[in-house]
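Data block below; observations after.
The values are calculated or read from the model by the stated rules, or taken from the named source; none is laboratory data. Since the structure is predicted, the reported quantities are computational estimates derived from the model, not experimental observations. Cβ atoms come from the backbone with ideal geometry, glycine included; neighbour counts cover every protein chain shown.
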Amino acid sequence: MKTPIITIDQELCTGCGRCREICPVGAISGMPDTPHEVDSTRCILCGQCVQICSGYDSANETFATSRVERLKQRGMLPTVKEPLFAAHYRGDINAVVAALQQPDTFTIVQCAPAVRVAIGEEFGMPYGTLTPGKLSAALHALGFNRVYDTNFAADLTIMEEGAELINRIKNKGRLPMFTSCCPGWVKYVEDQHDDLLDHLSSCKSPQQMAGTLFKTYGAKLDGIDPAHVFSVAVMPCTCKKFECERPEMNSSGYQDVDLVITTRELAQLIKHCGIDFTSLPDEAFDNPLGCYTGAGNIFGATGGVMEAALRSACEMLTGTPLPSLELEYVRGEEGIRRATICHEGVELKVTIVAGLQYVGSVLEQVRRGEADFHFLEVMCCPMGCVSGGGQPKILLPAQRLEAHAGRKAGLYSHDKSLTVRKSHENPQIKKLYENFLGEPLGHEAHHLLHTDHQQNRRAV
Amino acid sequence: MEGLSTTLGSGAMTNSIAELHTMGPGDTIFAIGTNTTECHPIIGIAMIKAVKRGAKLIVVDPRATTLTQHADVWLRLQPGSDVALLNAIAHVILQNGWEATEYIAKHTENFSEFKKIAARYFPYKAAEITGVPATLIKDAAKIIGQSRNVAIYYTMGVTQHTSGVDNVMAVSNIAVLTGNIGRAKTGVNPLRGQNNVQGACDMGALPDVLPGYQKVQKTDVREKFAKAWGVEIPEEQGLTVPSVLDGIEKGEVKAVYIFGENPLRSDPDINHVKHCLEKVELLIVQDIFLTETAQIADVVLPGAAFAEKDGTFTSTERRVQRVRKAIEPPGQCKPDWQILSELIAAMGYPAAYSHPQEIFEEMRQLTPSYNGISYARLENESLQWPCPTNDHPGTPILHVGSSIRGKARFVPADFRLPAELPDKEYPMMLTTGRVVAHYHTGTMTRRCWGLRGVAPYEMVEIHPEDAAALAIEDGDQISVSSRRGEVLAVAKVTTRVSPGLVFMTFHYSESSGNMLTNTACDPTTQTPELKVCAVAVRKVKSPGVHLADTGFLQQNTAPEGVFHQPALSNAPH
Amino acid sequence: MNAFVIGDAELCIGCQACMVACAQAHEKMPTAALNERETPFHSRITVVNAPEVTVAVQCRHCEDSPCARSCPVEAIVQKNAHIEVIKEKCIGCKSCVLACPFGAIKIIEDDMNCAAIFISPHDGTAHDRIEKAHFVVEKCDLCAGCGSPACVAICPAKALQLVEPDAIAQKIENRRIKNANRIRLYRSQLA
Amino acid sequence: MNMPYRLNRFVIADPGKCIGCRVCEIACAAVHEKEQTPLTVGNMQNPVQPRLYLVRSVQGSVPIQCRHCEDAPCAAACPVLAITQKEDVIFVDESLCVGCKTCMLACPFGALKLVPVFENGLPVEQNLPLHPESQHQGGSTAGEKEEYKQLHVASKCDRCSGLAEPACVANCPQQALKVIQPERHLTMRMHEAALSLAAVARKYAS
Amino acid sequence: MQQVLTTCPYCGSGCTLYLEVEDNTIVRVKPNSVNSVNEGALCSKGHFGMDFVHSKDRLTSPLIRKNGELTKASWEEAYNYIASRLLQYAGEFGGKSIAGFSSARCTNEENYLMQKMMRAVLGSNSVDHCARL
């Protein structure tokens, strides 16, 4: 077993208790002014503690562990100059460096939507600067053989999850259906609400769908033996590190995603390699698995999955597209948001939760059978993935909200600027189904893109 | 003065300060428009001690003062709404039958007219005008109506309004209504703001009366003086200060002789006064300092300070007291009586006085109320006029038995709005007054080490709500402007003033409230409405920058350009 | 115990004579002379003229003085029966200002003969620097050295009182005696 | 009280509120970065060198910073007039500082420290050669041999003059820090003292 | 040291006080407690409001405006100048063209003389003072 993903450095922790306060599942405990600890059995690895922690390796105090040693312990590059904080996550960047240096390894990388609106910040750009082109260019420059995109898989998720929702509604399946993109949320249901597991969509998260495809469809396209493929995911999330290591995530016959690094780790790598990120010319993501729509892109913000699903599901259900694609009623920052969509005689009720601490009352409602909605989106982090535990850490607390809002705005402006904004209209998705998967919820799709939560639970 | 003369026959304080020392349970002090502890501290102490002994205290003031802290009832009225408040008090007194029926029948006239007016002022209606809750008006009326004795004290808070005379008459009506006249511990007592206002009036320094309030328009009076002075006395009533300024504008007044005054600081709408005095052909100023007024004079005569000359002052309670020479005047300065007599002589009129006593002697022969007062008597005692004969003990209480004019007259007055009220452009109300450490235009007190030390610069009082709305914090430099000018000062954020009201003084030449005040006058006395005008307030800068470094308020001097700030718009004359 | 001067809010009219008396007593010169020299004015007593209350406030000479205990340079000490400041030691750090619960300690300008610090103008060069006046701590010293407190003597309203340790002791002793008598009144109820 | 607000304002923390999170230190270091204020931790390429210091002890924690003393001992001690008053801040002109450390000794609060200077994550060297056998200065993290000594200057709180509010105050999650305006503080305290006197007088009159 | 009993020059209360004089300088003020309205008390102005008498700003000689500047003049010169100008206006335009503002801070005797000068010498009843202010 690898080292725990989220830990608190006992030497650096001042016991201020801010992580304890922010932890949505009460996994952190400690007395004031004494170092705190994470209970890994409760922790859902959202990394909000990492984001808020301000106990750093002050030069005004003496620590038994040297900085060099500490960087090594944390799996960080030795050239990292930024201050180190008590609450931190396990770094995995050294394995990426090693893989990139292996000549016979075919490296494929995918990037989550929220990465492209945040990584620029690590290079001095304003909050939420949209840099998909530079991101792709940087990844190419680092030597990845294929630079694919999680957004593509997000579109695919909509195809599968949309189809599943329609299926559940039409065939009186278990409702409301819960989204399953957020690994912290899935872990939370497994850990603390396993009686509600059948509400979870059976879809894998976009990261895992992408991973499976890279080592099957992708490898086939490039004529590569999947055994030689090393698949890396760049994520705004710390829990994705856990997700990729789940034992069942091997539909491709291999571990679907080999390694997850965070936005911050990627930025550190780019600096380590001496790449001047800000002056990189824009480059596109590689085809076909880097092609995405606006719907896939907004997965990074709370309400984004819901909006993307509605854009497609409503059209699939009724045959007519929604009159407008700006579904303002599912956007927002409140902890719990509810909306009813009436379109061509179809009425869909949805609920969106941003921040896991708000989900309790909604789950109680479901448990009591009083939930009158069809679809529930839950994201662990306060604004969705843009505020994830692996995102660039904001220095001044007074700027937190501004930063999150900026990133969110970046995502939506990107969506708006794209010509294709509905997942089912993604040409490469259509092609994928035609050439490889068959149809949504079909046999191949089910095998590669879905998982059985009940079974996973039993396996643990 | 005019108001009281109409109702009682004399404008002076009816009773004596010493009576405060004997007030206690059953007695009431009714203080209206007077910040007594700051402006008349010694009288203020006596009032507070009387309250401690058990006397009731009713205070009418829009501002919280030390007096309001000790009040049994504090009527926090809107500036300028005095008549409505007083009439409502009268209304409640009449409604409950607390009026002095016997006294009214015997000693007063015009009661029925007054009753008609008072009947209209229901407390709830007055509450709307004055902002004072009706219950408080009733409480005050009950105390006044049921007290054995009620002594009313007032100052400029009552008179410096366009309705000043009405205010005074409304005050007087309350005293007459409750029979609180002509006895100890009662009366209508205007407290004079300056040491010898009473004396200056008594001496006939008024355009309509000769010494002792002898009407200049009365033939027998003129004949008496003509005989004594050997010249004809002009019959036509003279001009008041505001009319003199108008006269200059019209070119009718050619020369002005200003003796020991500084209208360029004390009068409302300073910019206007300055314009007039610069225009007059001959301006003579006799003073001890080169005041703002003296600076624009054609001739300046150096007078003597109070400690450098002999004479008499008459205090607010009509008490004549000696002023004695303690030191020699500096340089070529001369006692003012000497300057005046030499000047009179230079104009070819006999005036060979060698000592003020000689002048006093001449005066008392012509002035019945002073007739019994002499330097010899003043050596060992002080005397309150009227003192008609050498063996008369003086008069501590006026109107004993009956009022001087025979019967006290009820003069009903109706509430009128102040001349200028806040509007969109000038949304706040300014009221002016004094602080304890300073006196009038500050020419004397600001030249005193300790007094300058405790109150070195103007502090404009503003309510925390208004301050918050204007982003003003305590100590910020602010600008206060009206239709007549703009001044800079320091903000004092305090609940001493109510929301919408700002308070400032006229002690500081660099930020004088009188740059802003309105020249609108009471139609009878021409007392200007210094207590109400509309202003706008804005923040200039916060004291984050070291004020000392930027030169602001350095050693009490004005920031450059403040004094010369042009009027923002023309004053309505 | 330390003596102290205390104001009576029921009597004070806020005339500020105590402030001037205090300032003058510590300059030891007639005010006319101070006026001529333009001596800065510093009073150790302050009249609070608030809407709710008018009273003079000054140092209570606390037995466990927060000001003295907060001072990083030991410039505030107990001397005989009062809390005294040693101006020469003060660095103007304002700790005492924060510590005093009465707002009775001030940092004032003082012309002392010792090394000064300089003020740099906003955008000026090093040449434009000017010497900064010294600022040192100042508070009531009960007019130690000039007899009885000047503020108490001058107050026209007799609103200031010098409370001496013996007087306090006497006063509380009297209260005890009175209350002992009161207990006797209801003694039977206790039986 | 001749004029309003002549005393220097300063920041002070309420030990009762402080939870010891070090946000104040981070915020301080961040806004004092030479270039632009960095937004994220990844931009903090220079070591964190705050101008206030969290002191942690068994009684709890509280940051200590400059009081902007009126007769600032640091300024009086400085032999090259590098420390002067500018507006109401005791201010270090780094270009004048010679690193003599006298100010460090003079400050009774420990609020002043001599710090090595970095730019873009690299030590700023000065024209002071290192002896070939001299020990590593520790400035460079990369560990390459240096030839010149790193520049050191006195560093202290400048109350973020230029910002609307000091960064430590603005960012403290507990609102434990505040700017004290001494005169305003005095007025407030005196007012409270007067109110308590009034209460006493009213209750125990005579 | 000499003590002179006199009346306070400030508000109208009429407090009496002793001026303590040394070398033609007021060094101290003591309240009068006998037969006085103030009963041995004085406010801040009464106690500390006498410095102005010794102010450096005191006028020390008559001034006449010559070529726009106020310049020192002798009493003789000043009296003659004023007398001739006032008499000229009185003669030419009548007493009404001349106004006098008397002083609420000067003595009764001086106020009496002032109004007498205006009325008897210059024939004008336009004499007033700042009672209203």
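In segment A:92-110, is there at least one residue being more than 11 Å from every other protein chain (Cβ to nearest Cβ), under 14 Å from A:P392 (Cβ atoms) and either of a type in the set (D, E, K, R) or buried (at least 23 other Cβ atoms within 10 Å of the Cβ) (or both)? The answer is no; no qualifying residue exists. Scanning segment E:52-74 for residues that are surrounded by fewer than 18 Cβ atoms within 10 Å (Cβ to Cβ) and farther than 20 Å from B:Q295 by Cβ yields a single hit, E:S74.
Matching residues to (1) within 14 Å of chain D (Cβ to nearest Cβ); (2) in contact with a Phe, Trp or Tyr (Cβ under 7 Å, 6 or more places away or on another chain); (3) surrounded by 14 or more Cβ atoms within 10 Å (Cβ to Cβ):
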site: C:P66; (1), (2), (3): yes, no, yes
site: C:C71; (1), (2), (3): yes, no, yes
site: C:A99; (1), (2), (3): yes, no, yes
site: C:K106; (1), (2), (3): yes, no, yes
site: C:E109; (1), (2), (3): yes, yes, yes
site: C:G147; (1), (2), (3): no, no, no
site: C:C155; (1), (2), (3): no, no, yes
site: C:R175; (1), (2), (3): yes, no, no
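B:N110 meets each of the listed conditions (1) under 30 Å from B:Y213 (Cβ atoms); (2) within 14 Å of chain E (Cβ to nearest Cβ); (3) polar (S, T, N, Q) apart from (2).
Is it the case, given these coordinates, that A:R331 is loosely packed, with under 15 Cβ neighbours inside 10 Å and either in contact with a Gly (Cβ under 7 Å, 6 or more places away or on another chain) or farther than 27 Å from A:E425 by Cβ (or both)? First the steps, then the outcome.
Working: loosely packed, with under 15 Cβ neighbours inside 10 Å: no; either in contact with a Gly (Cβ under 7 Å, 6 or more places away or on another chain) or farther than 27 Å from A:E425 by Cβ (or both): yes.
No: the conditions fail for A:R331.
Residues that are more than 8 Å from chain C (Cβ to nearest Cβ) and either touching a Cys at 6+ places or on another chain (Cβ under 9 Å) or crowded, with 24+ Cβ neighbours inside 10 Å (or both) within segment B:444-456 comprise B:M444, B:T445, listed in sequence order. If you go through segment D:38-57 and pick out every residue that is more than 8 Å from chain A (Cβ to nearest Cβ) and surrounded by fewer than 21 Cβ atoms within 10 Å (Cβ to Cβ), you end up with 2.
So which helices (runs of 4 or more DSSP H) are wholly in segment D:90-206 and hold at least 2 residues that are away from chain C (no Cβ under 14 Å) and modelled with pLDDT of 95 or more? Talk me through it step by step, then tell me what you get.
Working: elements: D:102-106, D:167-171, D:182-203.
Fully inside segment D:90-206 and qualifying: D:167-171.
For segment A:186-216, the tally of residues that are farther than 15 Å from A:K240 by Cβ and either among the basic types (K, R) or assigned to a loop (DSSP other than H, G, I, E, B) (or both) stands at 4.
Screening D:I64, D:I19 for residues that are within 15 Å of the chain's Cα centre (by Cα) and within 28 Å of A:I394 (Cα to Cα) leaves exactly one candidate, D:I64. Residues in segment B:56-73: is at least one surrounded by fewer than 19 Cβ atoms within 10 Å (Cβ to Cβ) and either in the same structural domain as B:T527 (by TED's automatic domain parsing) or not polar (S, T, N, Q) (or both)? Within segment B:56-73 (the criterion being surrounded by fewer than 19 Cβ atoms within 10 Å (Cβ to Cβ) and either in the same structural domain as B:T527 (by TED's automatic domain parsing) or not polar (S, T, N, Q) (or both)), the answer is yes, since at least one residue qualifies.
Residue count for segment A:165-185, restricted to those that are outside any loop (DSSP other than H, G, I, E, B) and modelled with pLDDT of 95 or more: 5. Pairing residues of segment A:348-377 that are closer than 16 Å to A:Y329 by Cα with residues that are among the acidic types (D, E), at Cβ distances under 8 Å and at least 6 apart in sequence or on separate chains, gives A:K349/A:D372; A:V350/A:E377; A:T351/A:E377; A:I352/A:E377; A:V353/A:E377; A:A354/A:E333; A:A354/A:E334.
Just one residue in the set B:Q477, B:Q526 is within 24 Å of the chain's Cα centre (by Cα) and either surrounded by 23 or more Cβ atoms within 10 Å (Cβ to Cβ) or modelled with pLDDT under 90 (or both); that residue is B:Q526.
Of all residues in segment B:188-227 being small (G, A, S) and more than 7 Å from every other protein chain (Cβ to nearest Cβ), which is nearest to the chain's Cα centre (by Cα)? Going through the qualifying residues, I end up with B:G212.
Examine segment D:82-89 for a residue that is β-branched (V, I, T), within 14 Å of chain C (Cβ to nearest Cβ) and free of Cβ contacts under 8 Å to residues at least 60 places away in the same chain, and state whether such a residue exists. Yes: segment D:82-89 contains one or more residues that are β-branched (V, I, T), within 14 Å of chain C (Cβ to nearest Cβ) and free of Cβ contacts under 8 Å to residues at least 60 places away in the same chain. The one condition from (1) assigned by TED's automatic domain parsing to the domain that holds A:I352; (2) part of a loop (DSSP other than H, G, I, E, B) that A:E160 does not meet is (2).
Counting only strands (runs of 3 or more DSSP E) wholly contained in segment C:74-191, the ones carrying 2 or more residues that are charged (D, E, K, R) occupy C:106-110. Scanning segment D:58-72 for residues that are assigned to a loop (DSSP other than H, G, I, E, B) and away from chain C (no Cβ under 14 Å) yields D:V58, D:Q59.
Evaluating C:I91 against the criteria (1) more than 14 Å from chain B (Cβ to nearest Cβ); (2) crowded, with 24+ Cβ neighbours inside 10 Å; (3) in contact (Cβ under 8 Å) with a residue 24 or more places away in the chain leaves one unmet condition, (3). Tell me which residues, restricted to segment A:369-411, are over 22 Å from the mean Cα position of the chain (by Cα) and of a type in the set (S, T, N, Q). Correct list: A:Q399 only. A single entry from B:P330, B:P335, B:P350 fulfils the requirement of being out of contact with any Leu (no Cβ under 7 Å at 6 or more places or on another chain), more than 7 Å from chain E (Cβ to nearest Cβ) and more than 19 Å from B:W229 (Cα to Cα): B:P335. For segment B:298-320, the candidate set comprises residues that are of a type in the set (G, A, S), in contact (Cβ under 8 Å) with a residue 40 or more places away in the chain and within 7 Å of chain E (Cβ to nearest Cβ); within that set, the residue that is farthest from B:P41 (Cα to Cα) is B:G311. When A:C291, A:C314 are screened for being assigned to a loop (DSSP other than H, G, I, E, B), surrounded by 19 or more Cβ atoms within 10 Å (Cβ to Cβ), over 15 Å from the mean Cα position of the chain (by Cα) and away from chain D (no Cβ under 14 Å), only A:C291 passes. Being touching a residue at least 24 places away in the same chain (Cβ under 8 Å) and touching a Ser or Thr at 6+ places or on another chain (Cβ under 7 Å) is the filter here, so list the residues in segment B:350-382 that pass it. B:P356, B:F360, B:L378, listed by residue number.
Considering segment D:10-37, the residues that are part of a helix (DSSP H, G or I) and touching a strand residue (DSSP E or B) at 6+ places or on another chain (Cβ under 8 Å) include one that is surrounded by the most Cβ atoms within 10 Å (Cβ to Cβ), namely D:C24.
Scanning segment A:300-350 for residues being of a type in the set (S, T, N, Q), touching a Lys or Arg at 6+ places or on another chain (Cβ under 7 Å) and under 21 Å from A:P113 (Cβ atoms) gives a total of 1.
Only residues that are in contact (Cβ under 8 Å) with a residue 24 or more places away in the chain and among the small types (G, A, S) were counted across segment C:46-62, and they come to 1.
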